[in-house]
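Taking it in order: structure first as structure tokens, then the write-up.
The values are calculated or read from the model by the stated rules, or taken from the named source; none is laboratory data. Because the structure is a prediction, the values reported are computed rather than measured. All Cβ positions, even for glycine, are placed from backbone atoms using ideal geometry, and neighbour counts span all protein chains on display.
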Amino acid sequence: MTVRKAVFRSPSRSARRQSTALNLSFTSMCCILHEDLSFHPYKIHIVNHLRDTNKPARLAFCRGLSEVLNADPDILKKLIMSDGAHFHLSRFVNKQNFPYWSEGQPMQVLEQPLHSEKVTVWCGISASGIIGPYLFEERNRTMTVNADHYQEMLGTLKLPEMDHHDEF
């Protein structure tokens, strides 16, 4: 009963920290959570809502990509796949490190600041290697990644580095 009360008091506390707080071994805590209480760790899921109106655009993109691949089989050697990530400088929750122990799927809501300080990092990968990472900042301040900033990064930051890659 003590473990159940502790988990209900602090459902977002990790099993390891719960075991320390209750002076139990980590293995015992896991056994109690899983076997006795039937609790499971749930992670926060961040999803984009896809609407029926998105389907035609997604289908058109797939068809266009298929045409490009058929027209130029070597296009994948020229392809650069990229991604960016925001690294928050505040105590922003990383959903990968935030289990929520519960008997059933909780509808956990986490409030966060609308505009927390963050650094945006971009990196690309191609058949020739890794490009980047690049920080989106101006005068040591994080800047919003919009079309203009992204185009500037592609023109001024990435292209000189691509000279080192054989394929480009």
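Taken across region 157-164, residues that are in a loop (DSSP other than H, G, I, E, B), modelled with pLDDT of 70 or more and surrounded by 10 or more Cβ atoms within 10 Å (Cβ to Cβ) do not occur at all.
The residues of region 1-22 that are surrounded by 13 or more Cβ atoms within 10 Å (Cβ to Cβ) and out of contact with any helix residue (DSSP H, G or I) (no Cβ under 8 Å at 6 or more places or on another chain), listed by number, are Arg4, Pro11, Ser12, Ser14, Arg17, Thr20.
Under the condition of being in a loop (DSSP other than H, G, I, E, B), loosely packed, with under 15 Cβ neighbours inside 10 Å and touching a residue at least 12 places away in the same chain (Cβ under 8 Å), the residues counted in region 23-44 number 2.
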